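Here is the structure we will look at, set down as structure tokens.
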Amino acid sequence: MSLGVPNVSPTSGSVPLSPVTPDAPLPEVCVCYLIATDSSGDRVLLGRKKFGLGEGNLVGPGGKLEPGETPAEAMVREIAEETSVRVNGEDLLPVGELSYFFAHKPAWSQKSWVFVCRVFDGEPRESAELSPEWFALDAIPTERMWHDARFWLADALAGRFVTARFDFGPDLRTVVASDHPAFDIAPPCGTAF
């Protein structure tokens, strides 16, 4: 699949970690981390999710791909809808292809295309979906995010492409298996680092 960004192709293949194997392709979503630089350094835009999957968590703007959309096209639309910020698809840097499996709630399983963007126009505004807030890049509160973020987010924000699979346990919040190399060395869920 083309990400809708020139000269970029995703890596493929996930190591099966649980018996969750969908009969059909996973629903596709996208997420973007907007990064701004000012006199205090680099900051990343996150938003408190107001409802739905991940309610209460800090997340990057994003959402489901509409039929016929590339991940980059969906990302441009989602950023505008959720934050009022405008981006061009050419300015999106693809930094991840993540697969999420929820054995105890298969409808939540999905593939996520991850982007970083440093070129955008406008100031983030609250929407029905997100309450945006800037965080210092070196002080991201990963304990307020989905559990998987602590394993891969730092690499993605540094522009390194991450491909990984995350299997969530019965609490639907905790990663219980992953092929990401940091999974074996990370502290337990709820532990800040």
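Computed from the coordinates by the stated procedures, all read-outs in this text should not be read as laboratory data. In this text the structure is predicted, and so the values were computed from the model without any measurement. Counting neighbours? That spans all protein chains shown, and the Cβs are built from the backbone with ideal geometry, glycine included.
What is the set of long-range amide H partners of L34 at a cut-off below 5 Å, with H atoms built 1.01 Å from backbone N?
L45, C117
What aspartates and glutamates sit close enough to K111 to cross-link, taking a C-alpha to C-alpha distance under 17 Å and skipping anything fewer than 8 places away on the same chain?
Straight-distance partners of K111: D23, E28, E66, E69, E73, E78, E97, D148, D167, D179.
Using 0.36 nm per residue, how much length does the chain from K50 to A80 gain when fully extended, once their Cα-Cα distance is taken away?
Working: separation 30, 0.36 × 30 = 10.80 nm, distance 1.66 nm.
Computed gain between K50 and A80 is 9.1 nm.
What ³J(HN,Hα) values, in whole Hz, does the Karplus curve 6.51 cos²θ - 1.76 cosθ + 1.60 give for segment 78-94 when θ = phi - 60°, with x put for Gly and Pro?
5, 4, 5, 5, 8, 10, 6, 7, 10, 10, 9, x, 5, 8, 7, 9, x
Subtracting the Cα-Cα distance from 0.36 nm times the residue separation, let me have the gained length for A107 to E126 in nm, one decimal.
Result for the pair: 4.1 nm of gain on full extension.
Starting from the 7 Å offset along Cα-to-Cβ, what nm value, one decimal, do you get for the label separation of F161 and E66?
2.8
A139 to D179: FRET efficiency via 1/(1 + (r/R0)^6), r the Cβ-Cβ distance, R0 30 Å, to the nearest 0.05?
For A139 and D179, the calculated efficiency is 0.60.
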